[in-house]
1. If you stretched the chain out fully between A:A64 and A:A90, how much longer would it get, using 0.36 nm times the residue separation minus the C-alpha to C-alpha distance?
2. When the C-alpha atoms of chain A are aligned to their principal axes, what extent does each axis show, in angstrom, from largest down?
3. Got a number for carbon plus sulfur as a percent of the range B:238-344's accessible area, 1.4 Å probe?
4. Roughly speaking, what is the centre-to-centre gap between the range A:159-183 and the range B:30-56 when only Cα atoms are used, to the nearest Å?
5. Which of the GluC sites (Glu not before Pro) found in the range B:44-149 are in a DSSP loop and have at most 11 neighbouring Cβ atoms, other than their own, within 10 Å?
6. Between the alpha-carbon centers of the range B:65-87 and the range B:236-278, tell me the distance in whole angstrom.
7. What residue among A:G205, A:G68, A:G263 has the largest mean-square fluctuation in a Gaussian network model of chain A, using Cα springs under 10 Å?
8. Considering only DSSP beta bridges whose two residues both sit in the protein assembly as shown, what percent are antiparallel, to the nearest 5?
Amino acid sequence: MNVSTSQPMPIAREMLASMAIIDCDIHPAPNAIKDIHPWLEPRWRGHLETFGPLRRHGCLTGPAYPKGTPGANRRDAWPPGHRRPGSDLAFMQAQHLDPNNVQLGILNMISPHPGGIQNPDLSAALCTAFNDWQIAEWTTKDARLRASVLVPYEQPAAAAAEIDRRAGDASFAQVLLLSRTAEPLGQRRYWPIYEAAIRAGLPVGIHAFGYGGAPLTSAGWPSFYIEEMLGHAACCQSVLTSMVIEGAFERFPALRVILIESGFAWMPSLAWRLDKNWRSIREEVPALKRLPSEYLRQQVWLTTQPIEEPEVRAHLLDIMEWIGWDRLMFATDYPHWDYDDPARCFPVRLSADQQSRLFRDNARAVFGAN
Amino acid sequence: MIPGAIDCDIHPALPGLKALYPYLPEIWRDLFQDQAMHELVSNSYPPASPLAFRPGSQRSHGSLAAQLEELRSQALDAWGTRLAICNCLYGVQLVFSEDLAAAIARAMNEWIAKELLDHEPRLRASIVVAPQNPGLAAEEIERCAEDRRFVQVLMLVMGDMPLGRRFYWPIYAAAERHGLPIGVHAGSSYHNPTTPTGWPSYHSEEYVNQAQAFQTQLGSLVCEGVFKKFPSLRVVLIESGVTWLPASLWRLTKFWRGLRREVPWVDRAPAELVREHVRLTLQPFDAPPRAEQLERLWEHLGSDEWLLFSTDYPHRQFDGDSPLPPGLPPAAMQKILIDNARATYPRLVEAIP
């Protein structure tokens, strides 16, 4: 095969300039937790200062595994005054939204996503406060941005109530969960979240990360951040496996799931494996009516970043073909260190039609954007 | 089929805990009887589940002699197999007592040598070890290694800790010393939830999750520097599903480029290290539905040297009589069926006196 593997094959900047794109994974952040005090009941302000948020790992502040860069951020993404990356709208506009011609940006507030905080009332209060903060500080200030409904996902009734509260508000594009939950996300205890999302007409975004209590691998805790990052792909395969076999897709045909930042090249093999085991799955779970791959093909979308990089770049095209050109949605992960530059991130040449689907049309269809 | 195939994964079953009594010290026999401990069968393969048996194999109802007879006719004769490696799965990894686990592992290996290998010259076996205590496991490897019919060391893909951890290195040191690959087989000690987000509800769900466990274990073995520390160690992934491999290597190598400062001893690209040190058994092969997809996938794998023929007998991984997934390149068959196994397991090349 005559394929060079040495240099990326960039999409011309000028082509991007003429093509407005949708970025399905942008991370806003408060500069400090005090920034959300205006939307938080006074009792929780003091509580946070006294105790902090108790999570399912040991570090009082910061992540369980030290990140590759401070806060996992791009080193050039710190706004003037050394404010936290993602905390300054004007800087984000100048560094990312304007030059990359972002027509629609989906905000995924994950540092922190309060859904995994142990104290149930604190978790719910913080989710509500962050949702109000996203409207006040982001979506009303830049019409290109839409927020995600943060929910206390370990308390599905409270999560459903928060979704109902936001239903009909065009500031919100999706419901947001993290992938590492206390139990696999297909399990029935989480179904009220899916019912509420369907009621609100919102897809459910599942962003990699979180600490649900189970070790990061099914063989226990690994040693390194690089393994945590690797493990997100495995974890999200387990999430989809659970959602298929538990019958969440069968029970809720209107449920639409978007996996965010977990890679995508693993998807075809997972679908083949599920179908190969269809005989035993069906015998054990007779409620399932269709081949597992059909649920995945019709109810799941994947964001592209971080894109797997085959040694022979053309192999990526096979994978994208097998997943389906209508299933993949571009994302940058701004302002994090492993950000994907829309002009450089695809290591293969894409046709004009493929580009418009990946960079815009698929997300437009999923989010109902104009 | 090319005659003389080497089947790298078959599963003769221990008829029951009592079969180990002749090989157990009296103290354990007495304890088992006093405690009414009758069995240590793992949840991984409920004996009546749809995956457990190929149609026509009934070994659970027979004596060991009947089981061996069935194995000869259904697995060895039927497929023209010259050698087959027995991976005996039993609850060694499940128990929490290090001493009990080591005692059962040792008895298992004695049972394997005397009741299987002595009775059928085409059989070889993996050394069963109790990873709960790697020091004792290394001693057991030393003890068994003299018997050249033991060709690898058997571990499970879901244990107490990721396999790259230094805790396990005494096992790898002993294995490397004796030219024994580490065989990592599907299955769990059930000491951790069997998915990275907790316990699943269904057996079939847990089985699908074996492939994800293999992905993270490959990451652990590479990132912890096992292949740097043990440069001649080979690892064989057994019953892994196979087709997840290319995507997983692309991801591992990409993150290594970005985060290698965290693991400076990994001084070569992970995909390269894995290609050199790791092999995978053939069945189950999670194949794509269309022939042209399999052709593309074969290019993604990029080598005829990854795969070692296996049937996973008597587990039901394929329908019909042929254990070869349709569509594999004919030119690769000699390697898959024979040559790759001979290159991976030095002891398979030796004549057994």
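The values are calculated or read from the model by the stated rules, or taken from the named source; none is laboratory data. The structure displayed is predicted, hence computed values, not measured ones. All Cβ positions, glycine included, derive from the backbone under ideal geometry; neighbour counts span all protein chains shown. Each accessible area value is taken on the protein alone, full model and side chains, heavy atoms only, with ligands, DNA and RNA left out. Shrake-Rupley method; radii C 1.70, N 1.55, O 1.52, S 1.80 Å.
1. Extra length available between A:A64 and A:A90 comes to 6.3 nm.
2. 63, 55, 44
3. It is 51 percent, rounded to a whole number.
4. Result: 44 Å between the Cα centres.
5. The qualifying sites are B:E146.
6. Using only Cα atoms to place each centre, the spacing works out to 35 Å.
7. Between A:G205, A:G68, A:G263, it is A:G68 that shows the largest mean-square fluctuation.
8. Here the antiparallel bridges make up roughly 5 percent for the protein assembly as shown.
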